[in-house]
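**Student:** Sharing a structure with you now.
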Amino acid sequence: MLSACRFIRQAGRRAIHTASQNMAQLKIAIIGQSQFGLEVYKSLRSKGHEIVGVFTIPDVNGKPDVLASGAEEDGVRVFKFPRWRVKGEPITDVVNQYTQCGAELNVMPFCSQFIPMNVIDFPKHGSIIYHPSILPRHRGASAINWTLMEGDKRGGFTIFWADDGLDTGPILLQKTVDIDRNDTVDTLYNRFLYPEGIKGMVEAVELIADGKAPKIPQTEDGATYDKIWKKKEVAKINWGLPAAALHNFIRGNDKLPGAWATIDGEQVTFYGSNLGPRKRVPQGSEVYIDGHDKPAIVHKDGMTLFGSDGKMVTVKTLQLADGRMVSASKYGLEEEETVALELTDDEKVIMEKIKTIWSGILANPDINDETDFFKAGAGSMDVARLVEELKQKCSVILEAEEVYLNTRFEAFLRLSILRSRGEGKEEFTCNTTDLEVNDMTIHMPYQLFIDGEFVDAHHGKMFESINPTDGSVLAKVCLASHEDVDRAVEAARVAFEEGPWGTMNARDRGKLMNKLADLMEEHTEELATIEALDSGAVYTLALKTHIGMSIDTLRYFAGWCDKIQGLTIPVNNAKPNKNLCYTKREPIGVCGLIVPWNYPLMMLAWKMSPLLAAGNTVVLKPAQVTSMTALKFAELAAKAGFPRGVINIVPGSGSVVGNRICDHPDVRKVGFTGSTPVGKAIMESCATSNLKKCSLELGGKSPLIIFSDCDMDRAVRQGMMACLFNKGENCIAAGRLFVEESIHDEYVARLIEEVKKLKIGDPLDRATDHGPQNHKAHLQSLIDYVKKGVDEGAKLVYGGKHLDRPGYFFEPAIFTDVEDDMFIAKEESFGPIIIISKFDDGDVEGVLESANDTEYGLASGVFTKDISKALRVADGLQAGTCFVNTYNKTDVAAPFGGCKQSGFGKDLGMEALNEYLKTKVITVEY
């Protein structure tokens, strides 16, 4: 046995070879330039190839090409020939110096010079060239520009064998990529052509070294040769183009030579083009462009241009005639005066590091405030290097676009220092109603939140949000209309289909959700204060439950973002082939949420958290009477960095806003918490509009059974809170208590004494147990409910009246002698009204029959020390949740939802994700 193990180990050792051991080593001449050439050079050396010479361009303004610098540092011979030919004839001395290197292969990763054929053909293996297009399409020196200007759906690169034609040699290797609709020259190059091109060049050399490199003749079918696209005059915009062609032209010239037009006689160059918006014309200031019959619109997201077909294109950045880069959103605005920065000692160290970085890139030791990065010789590839070095050496993170907007050293340094301080990015701001209350200043947004900004309602209407503690106006809030819902849905659709949210890594979604949770935690006291003022929630309860559980819910589902996964499924193979079958869990798309007034923020968090974790976008209607924390949530989401359009909040009436969300053809899922009659109407609307998916958490009449063998102290206290928690405005409140006959009278007496101890008062008072009811109409419904109970013959043994004080305060009511056929035995009050029925001692089956004699099935409970009885009753109760010897014990990890006319679908827990996902099955035959 031991000998066998040794044999296996030895065989394993003999089979292990590195790539460089398997591959023949080549003597290579690198002919080219740029960072791309340097990375190819480094990669080939790392594979063990001998670089016998690097042939590149002469220094520019004393600055060597990075390929030259890198090779010289390694002691490799570097040749900097201004040219290889004169009047088409090879320069003998240049060719001789090249041939003396003894190259077996020429590798030309990026070469702007004309190389003679006697150099191309000299090596044993010839010469290979990198070309950034799928040959034979887009032959020529401006292939990337033409790929985008022509609107190609796929791009890529070719590595081919050099011949005496113009990009016509046999193909060795090609790789392709889908082109994003908003790719520019820079983005396409940086995300694919550059990194994959380096790998491709190395792969091509390995194939040659192994003797496996193909030579596939190029076809002339579909071949194009496109002219060089470098001079500024060729890039003047033709405003007769439709929007898609206009967009392709602008992005195909980004960053060189730059598509331009004249505005007020000044040449302006356009960068960062995006198609859209699709429908709504942005609101902003008009700018007239010479030669265009329709003015551009300058707005917060850039400058929107119109194609000849009336469709829109939006650009982010402009370059003015003096070379300055400005944000398109600020075109025409006066520049704000900048205050000089006082640098700390640590910041002075950062400044010197940045100067050193600039000096290294520009090969210029004399960097001053007026030094312009690009005028000093930098190119677009130097931007990537600058951003990376700044991050590595100074721990400062900038976007490439910010470099283009801050090209002078003084401006760049200022931005870098501000960013190191956590400043420098435009801070999100909004209009708020401010109050000094609860020993703090609270700031309450009052506008609609649509497409990443707070905006007025389409028709300009507002409504009053009332403080239930005293009936005063807390704030005036914008009232959303049908048109506002349409705008919000369109923003959500664009965010899902076209924005960064749809392509964001799942783990990054989780980071955003955790960042939002962090901000909510920082604002816990403010959020709890707003919740108390707007809904009457007791402040101390709001801290722990309304706000605390909202934060916990976000964090829980943030953890799920990168754990949503499918399955591989064994299926019968289509012999002699095989099949692979697997599933993917995908987001549904635009979702509508309609949440109630009893837990305004928590109900938002329960539904929105799994929705976001799954990758959807949302339009949410908060209850009209409690909109304030939802709008504050939107402000914090914007500050957390959620992309625009992902979250939209539209306060308004159910008849207008709610109905439009349910009817809208672009909404694919509706989640609702509220009454059963409204839930039925929503379900019908979802079915008749576009058969959208829906989940409903509806009414309840949750039974709580208390047996004589219970822990009496616990049953009394927990039974009271099961009915009165959050003023009874609790969807799982115990709507009916069933108390075993032998303890009924004692239980009722003790319960009354416990209720009498409750302090009813200002919800901001830390000693308050019970606050005002949510709104005036609800208070009146409780008064009517009590009257109906009395009229039917139930015995009102305590409370049940509107307290004689300002606000919507209601004294908790206790009814006994409630029979199964009474209204109050069947319908919920959604308030602090305790309904008690007695049942015969030992009659488990009878009490279960009465408990289940309801159309609702949300929650239930049982108190008994007999675990067998408890489990038997739990099995028999027809409800989505059953509490045993406790009540109201919900947790973010435990699914929540009901059955029967209490609805279907789950909030919380892993199951909640299913409400916002669809399953796709993919079957592959091979």
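**Student:** Write down the Kirkwood hydrodynamic radius of the range 27-210, to one decimal in angstroms, obtained as one divided by the mean of 1/r over all alpha carbon pairs.
**Tutor:** Numbers: mean 1/r = 0.0597 Å⁻¹.
One over the average 1/r among Cα pairs gives 16.8 Å for the range 27-210.
**Student:** While we're here: Only loop residues by DSSP count here, and only those with at most 10 other Cβ atoms within 10 Å; note down the chymotrypsin sites (Phe, Trp or Tyr not before Pro) in the range 109-177 that meet that. Walk me through the numbers before you get to the answer.
**Tutor:** Values: sites: 110, 114, 130, 146, 157, 160, 161; in loops: 110, 114.
Hits after loop and neighbour filter: 114.
**Student:** Something else now. If you fit an axis through the alpha-carbon atoms of helix 676-689 and take the longest principal axis of the Cα set of the chain, what angle between them do you get, 0 to 90°, nearest 10?
**Tutor:** Tilt of helix 676-689: around 30 degrees.
**Student:** Still on this model: Counting Lys and Arg as +1 and Asp and Glu as -1, each charge on the Cβ, what is the dipole of the range 829-926 about the Cα centre in debye, to the nearest 20? Before the final figure, lay out the partial values.
**Tutor:** Working: 9 positive and 14 negative charges, 70 e Å.
Once rounded to the nearest 20, the dipole reads 340 debye.
**Student:** Which residue, 516, 559, 570, has the largest displacement toward the positive end of the dipole of the range 516-583 when charges sit on each Cβ (Lys, Arg +1; Asp, Glu -1)?
**Tutor:** Going by the Cα projections, it comes out as 570.
**Student:** Report, in degrees rounded to the nearest 10, the 0 to 90 angle that the Cα long axis of helix 2-15 makes with the longest principal axis of the chain.
**Tutor:** For helix 2-15, the angle is close to 50 degrees.
**Student:** Under unit Cβ charges (Lys, Arg +1; Asp, Glu -1), what dipole magnitude, rounded to 20 debye, does the range 885-926 have relative to its Cα centre?
**Tutor:** Values: 5 positive and 5 negative charges, 27 e Å.
About 140 debye.
**Student:** Moving on. Which value, in Å to one decimal place, does the Kirkwood hydrodynamic radius take for the range 189-273 when every pair of different Cα atoms is included? All intermediate terms of the calculation are to be shown ahead of the outcome.
**Tutor:** Values: mean 1/r = 0.0611 Å⁻¹.
16.4 Å is the Kirkwood radius here.
**Student:** Now a separate question. Could you tell me whether the range 814-918 comes out rounded, prolate or oblate from its Cα gyration tensor? Rule is a ≥ b ≥ c as square roots of the eigenvalues, rounded for a/c under 1.5, then prolate if a/b exceeds b/c, otherwise oblate.
**Tutor:** Numbers: a/c = 2.09, a/b = 1.50, b/c = 1.39.
Because a/c hits 1.5 or more and a/b exceeds b/c, the range 814-918 counts as prolate.
**Student:** Give me the accessible area per residue for the chain, probe 1.4 Å, as a whole number in Å².
**Tutor:** Working: 40790 Å² over 926 residues.
Per-residue value: 44 Å².
**Student:** Relative contact order of the range 345-421: what whole-number percent is it, with Cα pairs under 8 angstrom and at least 6 residues apart? List each step's numbers first, then the result.
**Tutor:** Numbers: 67 pairs, mean separation 26.2, N = 77.
Dividing the mean separation by the residue count of the range 345-421 yields 34 percent.
**Student:** Provide the FRET efficiency to the nearest 0.05 for the residue 421-residue 181 pair, computing r from the beta carbons and using R0 = 41 Å. Please report the intermediate quantities before stating the final value.
**Tutor:** Details: r = 37 Å, r/R0 = 0.89.
My answer for the efficiency is 0.65.
**Student:** Sticking with this structure for a sec: Which of the lysines could be linked to residue 355 by a straight reach, that is with a Cα gap under 27 Å, when you skip same-chain ones fewer than 8 residues away?
**Tutor:** 42, 63, 255, 375, 391, 393, 425
**Student:** Which one of 615, 595, 773 is farthest out on the positive end of the charge dipole of the chain, using unit charges on Cβ (Lys, Arg +1; Asp, Glu -1) and the Cα centre as origin?
**Tutor:** Most positive-ward Cα: 615.
**Student:** For the chain, with only Lys/Arg (+1) and Asp/Glu (-1) charged at the beta-carbon, what is the dipole magnitude about the Cα centre, in debye rounded to 20? Working shown, then result.
**Tutor:** Details: 105 positive and 128 negative charges, 734 e Å.
Computed about the Cα centre, the dipole is about 3520 debye.
**Student:** Continuing with the same structure: Convert 37 °C to kelvin, take the viscosity as 0.692 mPa s, use the Kirkwood radius over C-alpha pairs of the range 723-838 as Rh, and evaluate the Stokes-Einstein diffusion coefficient in µm²/s, rounded to a whole number.
**Tutor:** Numbers: Rh = 14.4 Å.
Result for D is 228 µm²/s.
**Student:** Output needed: percent of Cα pairs per 20 Å distance bin for the chain, bins running from 0 to the one holding the longest distance.
**Tutor:** 12, 33, 29, 18, 7, 1
**Student:** Starting from the amide H of residue 302, placed 1.01 Å from N in the peptide plane, find each other amide H under 5 Å away whose residue is 5 or more places distant or on another chain.
**Tutor:** So residue 302 has HN proximity to 329.
**Student:** Within the P(r) computed for the range 424-478, what percentage of the Cα pairs occupies the region above 13 Å?
**Tutor:** On the way: 1018 of 1485 pairs.
Taking all Cα-Cα pairs of the range 424-478, the fraction more than 13 Å apart is 69 percent.
**Student:** Taking 0.36 nm per intervening residue step and subtracting the Cα-Cα distance, what contour gain separates residue 756 from residue 281 on full extension? Before the final figure, lay out each step's value.
**Tutor:** Values: separation 475, 0.36 × 475 = 171.00 nm, distance 6.04 nm.
Working it through step by step, the gained length comes to 165.0 nm.
**Student:** On to the next question. From the alpha carbon gyration tensor of the range 440-697, can you work out the equivalent ellipsoid semi-axes (sqrt of 5 times each eigenvalue) and give them in Å, largest to smallest? Each step should come with its number before you reach the end.
**Tutor:** Working: eigenvalues 220, 90, 55 Å².
After diagonalising the Cα gyration tensor, the semi-axes are 33, 21, 17 Å.
**Student:** When a/c is below 1.5 the answer is rounded, else prolate if a/b is larger than b/c, else oblate, so apply that to the range 569-655 with a ≥ b ≥ c taken from the square roots of the Cα gyration tensor eigenvalues. Mind dumping the intermediate values first?
**Tutor:** Working: a/c = 3.84, a/b = 2.79, b/c = 1.38.
Since a/c reaches 1.5 and a/b is larger than b/c, the shape of the range 569-655 is classed as prolate.
**Student:** Rounded to whole Å and ordered largest first, report the semi-axes of the equivalent ellipsoid of the range 345-421 derived from its Cα gyration tensor (root of 5λ).
**Tutor:** Values: eigenvalues 56, 38, 26 Å².
They are 17, 14, 12 Å, listed from largest to smallest.
**Student:** Calculate how many DSSP beta bridges within the chain are antiparallel, expressed in % of all such bridges and rounded to the nearest 5. Let's see the in-between values first.
**Tutor:** Details: 76 of 127 bridges.
Rounded to the nearest five, the antiparallel share is 60 percent.
**Student:** Can you give the FRET efficiency to the nearest 0.05 for residue 322 and residue 439, using r as the Cβ-Cβ distance and R₀ = 45 Å? Working shown, then result.
**Tutor:** Numbers: r = 53 Å, r/R0 = 1.18.
The formula returns an efficiency of 0.25 here.
**Student:** Also, I was wondering about something else. Antiparallel as a % of all DSSP beta bridges within the range 702-901, to the nearest 5? Kindly include the intermediate steps, with their values, before the conclusion.
**Tutor:** Values: 6 of 24 bridges.
That works out to approximately 25 percent antiparallel.
**Student:** Also, I was wondering about something else. Note down the nm distance, to one decimal, between modelled labels 7 Å out along Cα→Cβ at residue 681 and at residue 262.
**Tutor:** 6.1
**Student:** More than 29 angstrom separation, counting every C-alpha pair in the range 702-901; what % is that? Before the final figure, lay out the partial values.
**Tutor:** Working: 3697 of 19900 pairs.
Summing the P(r) of the range 702-901 above 29 Å gives 19 percent of all pairs.
**Student:** Any idea what angle helix 482-497 forms with the longest principal axis of the chain, computed on alpha-carbon atoms, 0 to 90 degrees, nearest 10?
**Tutor:** Result, in degrees: 50.
**Student:** Could you work out the equivalent-ellipsoid semi-axes for the range 174-236, taking the square root of 5 times each eigenvalue of the Cα gyration tensor, largest first, in whole Å? Before the final figure, lay out each step's value.
**Tutor:** On the way: eigenvalues 161, 66, 29 Å².
The three semi-axes for the range 174-236 are 28, 18, 12 Å.
**Student:** Can you quote the Å³ per residue value for the convex hull of the Cα atoms in the range 287-338, rounded to an integer? Don't skip to the end; give the middle numbers.
**Tutor:** Working: hull volume 4.6 nm³, N = 52.
Spread over its residues, the Cα hull of the range 287-338 gives 89 Å³ apiece.
**Student:** Tell me which of 260, 814, 789 sits at the most positive position along the dipole axis of the chain, charges placed on C-beta atoms (Lys, Arg +1; Asp, Glu -1).
**Tutor:** Farthest towards the positive end: 260.
**Student:** How are the alpha carbon pair distances in the range 232-330 distributed across 10 Å bins from zero to the largest one, expressed in percent?
**Tutor:** All Cα pairs considered, the percentages come to 18, 57, 24, 1.
**Student:** Return the FRET efficiency for the residue pair residue 569, residue 817: r is the Cβ-Cβ distance, R0 is 41 Å, and the value is rounded to the nearest 0.05. Can you show the working numbers first?
**Tutor:** Working: r = 59 Å, r/R0 = 1.43.
E(calc), rounded to 0.05, equals 0.10.
The values are calculated or read from the model by the stated rules, or taken from the named source; none is laboratory data. What you see is a predicted model; the values in this text were computed from it and never measured. When we count neighbours, we look across all protein chains shown, and the Cβ atoms used for this are built from the backbone with ideal geometry, even at glycine. These accessible areas exclude ligands, DNA and RNA; they are computed on the full protein's heavy atoms, side chains included. Shrake-Rupley method; radii C 1.70, N 1.55, O 1.52, S 1.80 Å.
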